[in-house]
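Have a look at the structure below, then the notes.
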Amino acid sequence: MIPLKDMTPRRSLPVVTLLLIAVNVAVFFYQITLPAAASDAFVRTYALTPYKVQLALEGHRYTMLQAALPLFTSMFLHGGFLHILGNMWFLWIFGGNVEDRMGPASYLLFYIVCGLGSAVAQMAFSWGSHIPSLGASGAISGVLGAYIVFFPGSRILTLVPLFIIWFMARIPAVVFIGLWFLVQFLSGLGSIQTPGAANTGGVAWWAHVGGFLLGVLLARGAGPRRTAASYS
């Protein structure tokens, strides 16, 4: 299922969401303009590699700053056009109303905390892995977690594939995001049961799960919801 639009109107321009998209796109285009060797070095330096954190904690080879800085920087790196396109599209669809609900400053802090928490969750389930982890999806998963708390009854205009037929439907956010989370969780369980999965790359399922759950918890503690308004 591909979300096309959330049907809950916003009260304001989602400035922080737009800035986050712009920063991610700018970093990605900088990354792809680098020569192959420099691009690999860039990813190795700023993507999160659990093995580096393990070595730093043991006092070998890396400082804690070198190992821990990628907890932040990794959320602005992407592995290809489809990767960044999917992430930024989800951020645009769901981020605007969450920003509107929280306010720009709180939303930015929330986004960063969810990104950091998702990185820690993924690292916990891939401890010792030499595979770099990168992408904004963990932070965006936190945005989805907040969205389902704030707007569970909102309708998501969705493109739904049914064999060779594609149709559009307005799916409640609690259903759309709930199904999305179920896929992430079951896929994460599958990755645990697959020998050597932590060192074969692929989707960072536990970053999605951890970011989402952290987003739900933080949103629930954010105070009473804003009163809904009508728009013409």
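The values are calculated or read from the model by the stated rules, or taken from the named source; none is laboratory data. Keep in mind that what you see is a predicted model, and the values were worked out from it rather than measured. When we count neighbours, we look across all protein chains shown, and the Cβ atoms used for this are built from the backbone with ideal geometry, even at glycine. Ligands, DNA and RNA are stripped out before the accessible areas are found, and what is left, the full protein with its side chains, is counted by its heavy atoms. Shrake-Rupley method; radii C 1.70, N 1.55, O 1.52, S 1.80 Å.
On the accessible surface of the chain, probed at 1.4 Å, how many percent belong to carbon and sulfur atoms?
Carbon-and-sulfur percentage of accessible area, whole number: 70.
Please state the shape class of segment 1-129: rounded when a/c is under 1.5, otherwise prolate if a/b exceeds b/c and oblate if not, all from the C-alpha gyration tensor. Prolate. Site-free segments of the chain were taken between chymotrypsin sites (Phe, Trp or Tyr not before Pro) in DSSP loops having at most 14 other Cβ atoms within 10 Å, sites themselves excluded; the longest one is 1-126.
The shape of segment 96-167 comes out oblate: with a ≥ b ≥ c from the C-alpha gyration tensor, a/c is at least 1.5 while a/b does not beat b/c. With contributions of -39500 (n - 2.57) from each DSSP H run of at least four residues, the per-residue ellipticity at 222 nm computed over the chain stands at -20000 deg cm²/dmol. With all protein chains kept in place, the per residue accessible area of the chain amounts to 52 square angstrom at a probe of 1.4 angstrom.
Kindly identify the chain as rounded, prolate or oblate by the Cα gyration tensor criterion: order the square roots of the eigenvalues as a ≥ b ≥ c, call it rounded if a/c is under 1.5, otherwise compare a/b with b/c, prolate if a/b is larger, else oblate.
Verdict is prolate for the chain.
Please determine, in degrees from 0 to 90 and to the nearest 10, the orientation of helix 137-150 with respect to the longest principal axis defined by the Cα atoms of the chain, where the helix direction is its Cα long axis. Tilt relative to the chain: about 30 degrees. Each of the trypsin sites (Lys or Arg not before Pro) that DSSP puts in a loop and that has at most 12 other Cβ atoms within 10 Å breaks the chain; the longest unbroken stretch is 62-224.
Between 0 and 90 degrees, rounded to the nearest ten: what's the tilt of helix 15-33 against the longest Cα principal axis of the chain? So the inclination is approximately 40 degrees.
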